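Each remark here refers to the structure printed beneath this line.
The values are calculated or read from the model by the stated rules, or taken from the named source; none is laboratory data. Given the structure is predicted, the values throughout are model-derived calculations rather than measurements. Cβ placement follows ideal geometry from the backbone for every residue including glycine, while neighbour counts extend to all protein chains displayed.
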Amino acid sequence: MMNTAVQSPRDFTYIKPRKRRLSEYEAVTCYTQPDPAVFDRQGWYLLTPEGRAAWRPESTRLQHPHWFDFRDPSSMWQRNYVKLQAEQERAIERCVEDAASAGAFSEFDPDWLTEIIAGHYRVWSFFEYGLFRAFSRAQREALSDTLGNVLCFEAVDRIRHAQSTVLYLMALEANIEGFKDQGAKQRWLSEPRYQPLRAIVESLMATEDWAELAFAVNLIIDPITTEIGVSRLVRRQAPRHGDPITPMIIMTTERDRRRNQAWTEELVRMTTAAGLLNADDNRIVMRAWCDRWMSLAIAAARALAPVYDRLGPHAGLFEEELAAACARQATMMAELGLGAKGG
Amino acid sequence: MQNLIEAHNRVKDFDWEPSYASKPDWYPTKYKIPAKTKDPFRHLIRDYLSMEEEKDNRQYGSMEDALARGQVSAKAEPRWMEAMKAALPILNFGEYAAMKNMGQLIETINNAELRQGYLAQMLDEVRHTNQEAYLSRYFARHAADPEGFTQGFKLRGTNIFNRAARAAFEAFFVGDPIEGALNLQVVAETAYTNSIFVALTEIAAANGDQVTPSVFLSIQSDESRHMANGYSTLAAVVSNPDNLPALQIDFDRAFWRQHAFIDSFLSVVWDYFQTNRSFSYLDKWREWIDNDWVGSYIERLAPFGLKVPSTFAAARDRVPWMGHSAAMVGFAAWPLQYWRFDPLTNRDMDWFELKYPGWHGQYGKFWDEYRRRCDPRNGELALSMFPSLPPLCRVCQMPCVFPRPDISTCRIKEFAGKRHAFCTPECELIFDQEPHRYLAYDTFYELFDGYDLADFIVENGLLRADGKTLIAQPWLNQEQMWTIDHIRAARYEIRDPLRQQ
């Protein structure tokens, strides 16, 4: 041991912990991204040929004096993230395997299988893939490591959802005679009911602002459009059609959605905190985002009404579900101080 | 999965041509990449997750169990452990920068096969960033001397040598994504990670550090996939002959940028921080870089029009000397660092002469004098052996002392009203190609010219918890440690060597 009069600390000393003690998540995440406003006062050593630096404050319209203050409420770092997703994928694999052994797939209502699972749910995987692309780029631009990492994990969530759906339909092909997973891409590209959804994801892929992407997807589009297109339609209706398996897969994506919603809410709280110089400006920016994405999200949800019609005699179901999803989303926004009438 | 090939085909059929919104060209590339090539990855996300989970369990499990109980890190050779204080925060930025390059590649390269590899690498790089930070914290808890581990990620910010690491690794993600991939996957990962994560672990283990190998070998198991990504990216680029002229220029530059930092850094860590000595950095350089990387990899791409980097011969010529020159500057400038140094013993010096014939004639005197100046009671700083700190290269940020101070290739020139130093003609050429890319930062001397060394140390937080003793020390002697009072008494001013009188 060293012979100094004062005991040396035995932990990282440059990170201000959110709680009383430095968490494992904070220790392995915080300040891995350099920043001239933090410890790297000399600036950036290299610019692109076009003259831009490694990171740019203008990559988002939100403003904050210290983006490194952000903490993911789920405290995800690679190890617990990978563990969570490996467990979810194993759960899916086992469930599908058990369903096959039990002959449960033969209990699926054939119309449900072709109209909803192959005809609709499989199309959703293209939406998820588009989000994987959008979040992969967003992680490159985020202005701190804690933000870059949640965006990166969300990108991986999305590719997991997309691939999981493909593998599930392959399992259905293997277990249900005559069933084929076909035509989904064509429907995604040309069927009118999916075009507003495709337009949304293409707009998200073209959205430069990483915070806007997260805000739009996690606080507006998932709570409304994905809620209508997947949770309330596929997950909730499946048991009525002899399908207890698909909901199990969707629930893993809903777990991811809750996590992503939670960190995005945290981002809103951080950028609108009382006493923050830019809080009002940030609120104005986020209200503009609400205006832009709400109408698109609702339009994309409305375009899915014909899918609800395929479910059989449930007149009025679609409007009820949409109203309920919108009401829940509105409550969340109001709690964040971003409600329609000033929160 | 019964039908794995079919599964791979289907998960690669997600791309479509957007028609409702057009994306800006966020990361312009001059390369044309074919839409379909070989898949370097061939894993589903499901398989990938379970594979990585298993690797994490093994690595973190062993660190927290037997290795912690056995207090392995506290018993490792102190000389070696000091190198880890420098290395971990430096490597960590390389991983982090790599993750950002993957975001650029996924965005820009419209090729579903390559994108499969990039997406796994993106998460791998988060893994490595976390692992190396975790290892730093582990050493802060378990190593004999925690100072330096406890705040390396902060202190690297203004550190004179970390500048060179930052400059090399920013090239992973600041610019054309393919140029980034050349720097990262083709050069840094394929040429150098075997040296960093495999051979270096042998040295760690030989010096009693059993924890670093657990982490580094686990990292390297991902790196082999990244090398495959690099090869597939390169194969895709060379498949279009229109890409070749730009490719060769970018490749020449990428090799030099990475060599300039990594070879200096690795050879110092390797040769100057071993106690129980085995092979030299030069031995391994010849084996891994010259024979394997060039001989078995790059030269085989000749039929496709890619040549060995034009900068390679100059690198090969200077590798036998550059580590020693870098070490001399590094050791002499010990008060600027956040780790301790251990002067060479006579036994060490015999080893250097054996491994690098002629070494003693060039560097022996320095080391004799350095040893004399370790004791604070003598009051003499090793830095005072030289008229000033050397200028730092405008491009690679390394001190301009290469290959050896007596035959230095340093050149100074004026540009945009300022004087700039370049360590070699190669770095000067890189600057001349695109000068505006290298002028946005403050040089070390612009920030600290005229500082009293003691003020630099205090301002940059380089003191131990007692507020008096330096984190860095020129030797490992715990009875006679340098304090800020010794430094003040030595009266040393940091001077910009380019400052005109």
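Report yes if some residue within region B:415-428 is in a loop (DSSP other than H, G, I, E, B) and surrounded by 14 or more Cβ atoms within 10 Å (Cβ to Cβ); otherwise report no.
yes
With A:I221, A:I200 as the choices, which residue is of a type in the set (A, V, I, L, M), touching a helix residue (DSSP H, G or I) at 6+ places or on another chain (Cβ under 8 Å) and over 24 Å from B:T108 (Cα atoms)? Walk me through it before giving the result.
Values: A:I200 fails: over 24 Å from B:T108 (Cα atoms).
Residue meeting the stated conditions: A:I221.
Listed here are the residues, each with its yes/no results for (1) aromatic (F, W, Y); (2) assigned by TED's automatic domain parsing to the domain that holds B:A167; (3) over 21 Å from the mean Cα position of the chain (by Cα).
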| position | (1), (2), (3) |
| --- | --- |
| B:I203 | no, yes, no |
| B:S221 | no, yes, no |
| B:T233 | no, yes, yes |
| B:D252 | no, yes, no |
| B:D271 | no, yes, no |
| B:E287 | no, no, no |
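Taking the stated definitions as given, is B:E107 more than 8 Å from chain A (Cβ to nearest Cβ), of a type outside the set (S, T, Y), in a helix (DSSP H, G or I) and surrounded by fewer than 24 Cβ atoms within 10 Å (Cβ to Cβ)?
no
Only one of these is farther than 17 Å from B:P497 by Cα, outside any helix (DSSP H, G or I), out of contact with any Gly (no Cβ under 9 Å at 6 or more places or on another chain) and in the same structural domain as B:Y370 (by TED's automatic domain parsing): B:P403, B:P387. Name it.
Values: B:P387 fails: farther than 17 Å from B:P497 by Cα.
Sole residue among the options that is farther than 17 Å from B:P497 by Cα, outside any helix (DSSP H, G or I), out of contact with any Gly (no Cβ under 9 Å at 6 or more places or on another chain) and in the same structural domain as B:Y370 (by TED's automatic domain parsing): B:P403.
Name the helices (runs of 4 or more DSSP H) wholly within region B:280-366 that hold at least 3 residues that are within 24 Å of B:M398 (Cα to Cα)?
Details: elements: B:281-284, B:312-332, B:346-355.
The qualifying helices (runs of 4 or more DSSP H) are B:281-284, B:312-332.
Looking at region A:57-90, which of the residues that are among the acidic types (D, E) and assigned to a helix (DSSP H, G or I) is nearest to the other protein chains (Cβ to nearest Cβ)?
Among them, the one singled out is A:E89.
Determine which member of the set B:G61, B:G70 is closer than 30 Å to A:A27 by Cα and at pLDDT below 95. Walk me through how you get there before you give the answer.
Values: B:G61 fails: at pLDDT below 95.
The unique qualifying residue is B:G70.
Specify which of the listed residues (B:Q220, B:Q248) is in contact with a helix residue (DSSP H, G or I) (Cβ under 6 Å, 6 or more places away or on another chain), within 27 Å of B:L114 (Cα to Cα), in a helix (DSSP H, G or I) and of a type in the set (S, T, N, Q).
Values: B:Q248 fails: in contact with a helix residue (DSSP H, G or I) (Cβ under 6 Å, 6 or more places away or on another chain).
Testing whether each residue is in contact with a helix residue (DSSP H, G or I) (Cβ under 6 Å, 6 or more places away or on another chain), within 27 Å of B:L114 (Cα to Cα), in a helix (DSSP H, G or I) and of a type in the set (S, T, N, Q) leaves just B:Q220.
Looking at A:L317 and the list (1) within 30 Å of A:Q85 (Cα to Cα); (2) at pLDDT below 95; (3) of a type in the set (A, V, I, L, M), which single condition is not satisfied?
(1)
Go over the candidates A:L147, A:L151 one by one and state the one that is within 23 Å of B:R115 (Cα to Cα) and away from every other protein chain (no Cβ under 12 Å).
Exactly one of A:L147, A:L151 is within 23 Å of B:R115 (Cα to Cα) and away from every other protein chain (no Cβ under 12 Å), namely A:L147.
Tally the residues that are of a type in the set (A, V, I, L, M) and touching a residue at least 60 places away in the same chain (Cβ under 8 Å), restricting the search to region B:427-449.
Summing the residues that are of a type in the set (A, V, I, L, M) and touching a residue at least 60 places away in the same chain (Cβ under 8 Å) in region B:427-449 gives 2.
Looking at (1) facing chain A (nearest Cβ under 10 Å); (2) surrounded by fewer than 19 Cβ atoms within 10 Å (Cβ to Cβ); (3) farther than 26 Å from A:G51 by Cβ, which is the only condition B:R58 fails?
It fails just one condition, (1).
Quickly run through region B:160-186 and pick out the residues that are farther than 21 Å from B:R394 by Cβ and either more than 14 Å from every other protein chain (Cβ to nearest Cβ) or hydrophobic (A, V, I, L, M, F, W, C) (or both).
Listed by number, the residues that qualify are B:I178, B:A181, B:L182, B:L184, B:Q185, B:V186.
Does region A:94-127 hold any residues that are closer than 16 Å to A:L169 by Cα, within 14 Å of chain B (Cβ to nearest Cβ) and either within 14 Å of the chain's Cα centre (by Cα) or touching a residue at least 24 places away in the same chain (Cβ under 8 Å) (or both), and which are they?
Of everything in region A:94-127, those that are closer than 16 Å to A:L169 by Cα, within 14 Å of chain B (Cβ to nearest Cβ) and either within 14 Å of the chain's Cα centre (by Cα) or touching a residue at least 24 places away in the same chain (Cβ under 8 Å) (or both) turn out to be A:C95, A:V96, A:A100, A:A118, A:R122, A:V123, A:W124, A:S125, A:F126.
Suppose we keep only residues that are facing another protein chain (nearest Cβ under 7 Å) and among the charged types (D, E, K, R) within region A:1-49. Which one would you say is surrounded by the most Cβ atoms within 10 Å (Cβ to Cβ)?
Ranking the candidates gives A:D40 first.
Do we find that B:Q116 is touching a Pro at 6+ places or on another chain (Cβ under 8 Å) and at the interface with chain A (Cβ under 7 Å from one of its Cβ atoms) in this structure?
Spelling it out, it is not the case that B:Q116 is touching a Pro at 6+ places or on another chain (Cβ under 8 Å) and at the interface with chain A (Cβ under 7 Å from one of its Cβ atoms).
Go through region B:137-159 and give me each residue that's in contact with a helix residue (DSSP H, G or I) (Cβ under 7 Å, 6 or more places away or on another chain), facing chain A (nearest Cβ under 8 Å) and outside any loop (DSSP other than H, G, I, E, B).
Within region B:137-159, B:R137, B:F153, B:R156 qualify.
Look through region A:204-237, keep the residues that are part of a helix (DSSP H, G or I) and of a type in the set (D, E, K, R), and return whichever of them is surrounded by the fewest Cβ atoms within 10 Å (Cβ to Cβ). It would help to see each step written out before you state the result.
Filtering region A:204-237 down to residues part of a helix (DSSP H, G or I) leaves A:204-205, A:210-237.
Okay, now just the ones that are also of a type in the set (D, E, K, R), so A:212, A:222, A:227, A:232, A:235-236.
Values: A:E212: 21, A:D222: 25, A:E227: 24, A:R232: 20, A:R235: 20, A:R236: 13.
Selected residue: A:R236.
For region B:242-269, what are the residues that are closer than 18 Å to B:L200 by Cα and among the aliphatic types (A, V, I, L, M)?
Of everything in region B:242-269, those that are closer than 18 Å to B:L200 by Cα and among the aliphatic types (A, V, I, L, M) turn out to be B:I262, B:L266, B:V268, B:V269.
What is the one condition in (1) modelled with pLDDT under 95; (2) buried (at least 24 other Cβ atoms within 10 Å of the Cβ) that B:T212 does not satisfy?
All conditions pass for B:T212, except number (1).
When you check B:E82 against the structure, is it touching a Lys or Arg at 6+ places or on another chain (Cβ under 7 Å), among the charged types (D, E, K, R) and assigned by TED's automatic domain parsing to the domain that holds B:G152, yes or no?
Yes; evaluated as a whole, the condition is true for this residue.
Could you check region B:339-367 and list, in sequence order, the residues that are crowded, with 23+ Cβ neighbours inside 10 Å and more than 16 Å from B:R79 (Cβ to Cβ)?
Scanning region B:339-367 gives a single hit, B:Y363.
Is it true that A:T114 is β-branched (V, I, T) and under 25 Å from B:K55 (Cβ atoms)?
For A:T114, the condition - β-branched (V, I, T) and under 25 Å from B:K55 (Cβ atoms) - is not met.
If you check A:M248 against the conditions, is it more than 14 Å from every other protein chain (Cβ to nearest Cβ) and either out of contact with any Asp or Glu (no Cβ under 8 Å at 6 or more places or on another chain) or without any contact (Cβ under 8 Å) to a residue 24 or more places away in the chain (or both)?
yes
Taking the residues in region B:1-44 that are within 9 Å of another protein chain (Cβ to nearest Cβ), outside any loop (DSSP other than H, G, I, E, B) and touching a residue at least 12 places away in the same chain (Cβ under 8 Å) as candidates, determine which candidate is surrounded by the fewest Cβ atoms within 10 Å (Cβ to Cβ).
B:A7
B:A86 versus (1) farther than 28 Å from B:G157 by Cβ; (2) of a type in the set (A, V, I, L, M); (3) surrounded by 24 or more Cβ atoms within 10 Å (Cβ to Cβ): which is the lone unmet condition?
Only one criterion in (1) farther than 28 Å from B:G157 by Cβ; (2) of a type in the set (A, V, I, L, M); (3) surrounded by 24 or more Cβ atoms within 10 Å (Cβ to Cβ) is unmet by B:A86, namely (1).
Against the condition modelled with pLDDT under 95 and either surrounded by fewer than 18 Cβ atoms within 10 Å (Cβ to Cβ) or in a helix (DSSP H, G or I) (or both), how does A:R240 come out, does it pass?
It is true that A:R240 is modelled with pLDDT under 95 and either surrounded by fewer than 18 Cβ atoms within 10 Å (Cβ to Cβ) or in a helix (DSSP H, G or I) (or both).
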